[in-house]
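**Q** What follows is a structure written as structure tokens; I'll ask about it next.
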Amino acid sequence: MGQRQTLPVLPLRGTVMFPGITAPIAAGRPGTLRAIETALKGDRLVFAVAQRDNSEEPTPDILFTTGVIARIGQVQRGLGGVQLLLQGEQRATALQYSEVDGYLSAVLVPAEEMMPLDLKDAAFTALHKEARERAAELGEKRGLPEEVVHQVLDSVEDAGRFADLVAGYIELTVPEKQGLLETLSVEERLRRVLVHVQRQIGLLEAQEDIKSQVQEELGERQREMFLREQLKAIQKELGDDDTGKEIAELREKLTALELPKEARAEVERELGRLERAGRESMEAQVIRTYLEWIAELPWNNRSDDHLELANAGTILDEDHYGLKDVKDRVLEFLAVRQLRAQQVASEVATTGEFPVSKLKGDTSDATPSLGTNGDDRTITDTREAKSRAMARGPILLFNGPPGVGKTSIAKSIARALGREYVRVALGGARDEADIRGHRRTYVGAMPGRIIQGLKQAGTRNPVFLLDEVDKLGQSYQGDPSSALLEVLDPAQNDSFTDHYLGVPFDLSEVLFIATSNFIQNIPGPLLDRMEVVEFSGYTEREKAEIAKKYLVPRQLEESGLSNRDLDFTDDAVMKVISEYTRESGVRQLERELGKVARKVARRVAMGDTGTIDDHVISAEEVRELLGRPKVHPERAAEHDEVGISTGMYYTPMGGDIMFVEASIRRGTRTRPTEDEEQVRVGPISLILTGQLGDVMKESARAALTYATNNAEALGIPLDRVASASEAHIHVPAGAIPKDGPSAGIAIATALVSEMSNRKVRRDVSMTGEITLRGRVLPIGGVKEKVLGAHRAGIKEVIIPKANEADLEDVPEEVRQLLRFHPVETLRDVLRIALVDAPVNEPEPELVGV
């Protein structure tokens, strides 16, 4: 071990000093400056050691123990510290660090290198030679002159010093360099330096390959561009310029269009830009696509309207069964347009022109408005005048449950008018750009669905169906329903501007029709622009007729059975309707009929027709083919019972009956479970179960309040009221949420029945809202509820007096089979629904207060 000595410590951040290396060092920390001053006063030696991290104030804990005894050479002082030249002399190991006069001092001993046993060993010599060659290669790859590299490397002959020299100049992290410094074995250090050198050579070669590939690719592109320019020049000389021909053809198509002034100016501007742009440039592609869209839109094309009201009625009857009210409204809609078109065409024929201002702003079925709306243009073309007059008026909104014929009615209107038909599904659209399009600044921009639909139609006056407008969504990208406001406003849509086109397009000749399932989901301003036509569900008889006339023949043809003379019996069709479907429309019915047809087709193909040889599919055959019934509708109760009344409800899938059960508990009150709701109404607690909504719960509370406050008048013994502690109302089918006020009188009837011990008639169903004073208020969905009660086997129906006029919507054949009781108060309801004589049963004993 060498002689101990004490030297000032020079902490190094981000670097490691090696013996034999001369390196410039910048020092500015107070402790470091004091250490340098101390060294300069003595023999100019310091202990240069690296820090483990880049902390501002060095402490013994963050210093490595192995460093280099270095001599300070030149010193240059400045305002921020000193610049000095440090010459590494010998490795050393710190035995102890201490702080003296504001700087660190170290007690250290020199570290002796471990030389190989035989310096002339072939393996060691080969290692030394390989390291020199690879180091020279690395220096040359870094761009150093070859002479300088060899001069520096040849100046050091000792293997250990050579390893230190290379380690000091290659790019390594502080821990990696510190590891080389702490490696005392010359052979091991030389081997580790060689590995690092070889790794850096590989990295430089990879970088060179990448650079070469990039340069090659750029060179190919430049070469391709140069060749294309040469090709363009050659084609121009030969008169075979395809690009020029394409632009000329596009210009010719655009010139032939009768474009508005704004559109013509925009087209000319874009054509000029296209001619100046290179054929292969991205800008040229965008401009060409835009101009092609302009050229393909129906600026001048329109269909001739051939509307004859008698023919329109025939078409509607051919395409649809039933829907009398809807057909009447559609024929009224078409009749007004026919008269208006005749009026406008007559005026154009007489005067030679017709003012546009007479058509603008009119949204009713009355005569055209005389307001000017600031538009002084005139129409001289009879076809255009008739087309505009046919499109003016209210925009129809077909609202109703799925599968009742809303979309097909719109198609029939287009057929009756002789116009093209376009359907746009708006369900799930959440972006304003779906309606107005994207601006051309975006990659992949395209027009909105309105402009796309007009291009698809090929005419500027199609029947345009906006399907499922109640299912429009909203997002941070905008509200598409708000964008529809301009489209559906006749006073504005003659200058509809799509974001992609950037020029107005006239939609005033388009006949818009919309459909929806839930009208409450449509925003008020949008709904205000449309006239609602309600589609109600089909009766079972109507479904049977639709099945026989339309669905069965279509499914037999699709299954390859149309030439087999097969048919369904009436009982078979009714069995499918009542036991395998539950809907207001006929889509599920058609699917089930198709399932039967496919199973029959399979039997016919296999030669196993079974009982179908008589060419008739019976109800028994339907049961065999479709399996067990899938629908179990409620049926009227078999017996009159106490505390159970029959209510009615309506959903978009149709109407049906429901049972309301009431039970009175006498004696000690019990705590309700988590699934029950308990409400105190006077001395009686009310428990509600069956997933009842807030409105239905309020109806139950109102019914209990009325029953207890008017017990004597309603025939309820007062002792039964006094002994009652809990009233439990339950509506079966607890997995299905229920809400609405129309079950009020059914709840009240069940409560009064239970409290008075009188039975409720099983053949009577009821609907109506109840008040605290016992009044019965009107409700909605009378037709659907009555049809559901009829299917369930009900004979008498109680409805609010105010809904008596709604019975006109009920089919005549159903009205003849049912007896209706319009009522105004709950006493009228009880007089009809309850059996007069109370049930004789022993009064239960009171078990508590």
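**Q** Considering only residues of the stretch 826-849 that are modelled with pLDDT of 90 or more and in contact with a helix residue (DSSP H, G or I) (Cβ under 9 Å, 6 or more places away or on another chain), which is farthest from ARG665 (Cα to Cα)?
**A** ASP828
**Q** Report yes if GLY647 is part of a strand (DSSP E or B), closer than 24 Å to LYS795 by Cβ, modelled with pLDDT of 90 or more and of a type in the set (Gly, Ala, Ser), otherwise no.
**A** yes
**Q** Looking only at the stretch 465-473, decide whether some residue is over 19 Å from ALA414 (Cα atoms), assigned to a loop (DSSP other than H, G, I, E, B) and acidic (Asp, Glu).
**A** no
**Q** Does ILE210 satisfy the criteria of being loosely packed, with under 11 Cβ neighbours inside 10 Å and more than 25 Å from ASP118 (Cα to Cα)?
**A** Spelling it out, ILE210 is indeed loosely packed, with under 11 Cβ neighbours inside 10 Å and more than 25 Å from ASP118 (Cα to Cα).
**Q** Still on this structure: For the stretch 79-97, check the following and say yes or no: at least one residue is without any contact (Cβ under 8 Å) to a residue 40 or more places away in the chain and of a type outside the set (A, V, I, L, M, F, W, C).
**A** yes
**Q** Taking the condition part of a loop (DSSP other than H, G, I, E, B), in contact (Cβ under 8 Å) with a residue 40 or more places away in the chain and open to solvent by 60 Å² or more (accessible area, probe 1.4 Å), does ARG582 pass?
**A** Answer is yes for this residue.
**Q** If a residue has to be at positive phi and out of contact with any Gly (no Cβ under 7 Å at 6 or more places or on another chain) to count, how many in the stretch 432-456 make the cut?
**A** Number of matching residues: 1.
**Q** Quick test for you: out of GLY418, GLY473, pick the one residue that is under 18 Å from PRO298 (Cα atoms) and open to solvent by 10 Å² or more (accessible area, probe 1.4 Å).
**A** Step by step, each of GLY418, GLY473 is checked, and only GLY418 is under 18 Å from PRO298 (Cα atoms) and open to solvent by 10 Å² or more (accessible area, probe 1.4 Å).
**Q** Moving on to the next point. Any residue at all in the stretch 56-74 that is open to solvent by 40 Å² or more (accessible area, probe 1.4 Å), under 19 Å from VAL109 (Cα atoms) and touching a Ser or Thr at 6+ places or on another chain (Cβ under 7 Å)?
**A** Scanning the stretch 56-74, I find at least one residue that is open to solvent by 40 Å² or more (accessible area, probe 1.4 Å), under 19 Å from VAL109 (Cα atoms) and touching a Ser or Thr at 6+ places or on another chain (Cβ under 7 Å), so the answer is yes.
**Q** Here's a follow-up. Of all residues in the stretch 312-339 being of a type in the set (Lys, Arg) and either open to solvent by 10 Å² or more (accessible area, probe 1.4 Å) or in contact (Cβ under 8 Å) with a residue 60 or more places away in the chain (or both), which is nearest to ILE413 (Cα to Cα)?
**A** The qualifying residue nearest to ILE413 (Cα to Cα) is LYS327.
**Q** Additional query: Within the stretch 432-464, how many residues are closer than 29 Å to ARG587 by Cβ and open to solvent by 10 Å² or more (accessible area, probe 1.4 Å)?
**A** 5
**Q** Next question. As an exercise: evaluate ASP528 against (1) open to solvent by 20 Å² or more (accessible area, probe 1.4 Å); (2) without any contact (Cβ under 8 Å) to a residue 60 or more places away in the chain; (3) under 23 Å from LYS783 (Cβ atoms) and give the number of the one condition it does not meet.
**A** (3)
**Q** Please verify whether LEU172 is surrounded by 14 or more Cβ atoms within 10 Å (Cβ to Cβ), in contact with a Leu (Cβ under 9 Å, 6 or more places away or on another chain), in a loop (DSSP other than H, G, I, E, B) and not charged (D, E, K, R), treating the condition exactly as stated.
**A** yes
**Q** Can you go through GLU130, GLU157, GLU99, GLU113 and tell me which one is surrounded by fewer than 12 Cβ atoms within 10 Å (Cβ to Cβ) and more than 60 Å from the chain's Cα centre (by Cα)?
**A** Criteria check complete, one pass: GLU157.
**Q** Would you mind telling me which numbered condition in (1) in contact with a Phe, Trp or Tyr (Cβ under 9 Å, 6 or more places away or on another chain); (2) crowded, with 18+ Cβ neighbours inside 10 Å GLU509 fails?
**A** (1)
**Q** ALA605 passes all but one of (1) open to solvent by less than 80 Å² (accessible area, probe 1.4 Å); (2) at pLDDT below 85; (3) more than 30 Å from LEU834 (Cβ to Cβ); which number fails?
**A** Every listed condition holds for ALA605 apart from (1).
**Q** Name, by its number, the condition in (1) at pLDDT below 75; (2) open to solvent by less than 90 Å² (accessible area, probe 1.4 Å) that does not hold for GLY272.
**A** (1)
**Q** Here is a further query. Based on what the data block shows, is ALA514 in contact with a strand residue (DSSP E or B) (Cβ under 8 Å, 6 or more places away or on another chain) and part of a helix (DSSP H, G or I)?
**A** When the stated conditions are applied, ALA514 does not pass them.
**Q** State whether one or more residues within the stretch 179-200 are more than 30 Å from PRO110 (Cβ to Cβ) and free of Cβ contacts under 8 Å to residues at least 40 places away in the same chain.
**A** yes
**Q** Just give me the residues in the stretch 676-711 being over 17 Å from ILE745 (Cβ atoms), at pLDDT 85 or above and among the charged types (D, E, K, R), in sequence order.
**A** Matches in the stretch 676-711: ASP694 only.
**Q** With (1) loosely packed, with under 15 Cβ neighbours inside 10 Å; (2) at pLDDT below 75 as the list, and GLU249 as the residue in question, which single condition is left unmet?
**A** (2)
**Q** Taking the stretch 517-552 only, how many residues are in contact with a Phe, Trp or Tyr (Cβ under 8 Å, 6 or more places away or on another chain), part of a helix (DSSP H, G or I) and at pLDDT below 85?
**A** 1
**Q** From the list ALA429, ALA410, pick out the single residue that is aliphatic (A, V, I, L, M), out of contact with any Phe, Trp or Tyr (no Cβ under 6 Å at 6 or more places or on another chain), open to solvent by less than 20 Å² (accessible area, probe 1.4 Å) and at pLDDT below 85.
**A** ALA429
The values are calculated or read from the model by the stated rules, or taken from the named source; none is laboratory data. Predicted model, so just to flag it, every value in this text is computed and none were measured. For neighbour counting, all protein chains shown are included, and Cβ atoms are generated from backbone atoms with ideal geometry for every residue, glycine included. Keep in mind that these areas ignore ligands, DNA and RNA; they rest on the heavy atoms of the full protein, side chains included. Shrake-Rupley method; radii C 1.70, N 1.55, O 1.52, S 1.80 Å.
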